[in-house]
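The next block holds one structure in the form of structure tokens; read it before the comments.
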Amino acid sequence: GSDLIEKARQLADTGDLEAAADMARQALEDREVDALFLLAQISFEQGSDAHALETLRKCLYLAPDYIPAYLEMGTVLESTGAVERARSLYRTALRLLTDCPGNSKILPDDDRTAEAWIIHLKSKFREA
């Protein structure tokens, strides 16, 4: 499961999105939230916002406290102009982040810690 996700992530990083999607789908057989999250990221990168949002909703159905899904949904919605809906998701992520150890890594492909994400999200609210 996790090995497949890592391989799919590496393929996605090199730009081989179709192979990455195939490998992530293979890992879905294990119903892993990480695989769904990667598929959502790939869909978003391919310009399929609706599919990305649908996949992220599945992530949250399986794992309601999965912070990466809230962050990614906020990003997708913000890119479509649904800023208020995005802000609502960012607020949920912020609430969940406050319960994480400050040095926890939140996203698999981002080195920011929980503490850094809290600072980032709070700055987004100040901008609005």
Do we have any residue at all in region 15-32 that's within 16 Å of D110 (Cβ to Cβ), at pLDDT 90 or above and aliphatic (A, V, I, L, M)?
no
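Please go through region 33-72 and pick out each residue that is under 15 Å from D110 (Cβ atoms) and open to solvent by less than 50 Å² (accessible area, probe 1.4 Å).
Step one: filter region 33-72 for residues under 15 Å from D110 (Cβ atoms), giving 34, 37-38, 40-41, 44-45, 66-72.
Listed by number, the residues that qualify are F37, L38, A40, Q41, F44, Y66, I67, P68, A69, Y70, L71, E72.
The values are calculated or read from the model by the stated rules, or taken from the named source; none is laboratory data. Since the structure is predicted, the reported quantities are computational estimates derived from the model, not experimental observations. So basically every Cβ, Gly included, is an ideal-geometry build from the backbone, and we count neighbours across all protein chains shown. Accessible surface areas use protein heavy atoms only, side chains included; no ligands, DNA or RNA. Shrake-Rupley method; radii C 1.70, N 1.55, O 1.52, S 1.80 Å.
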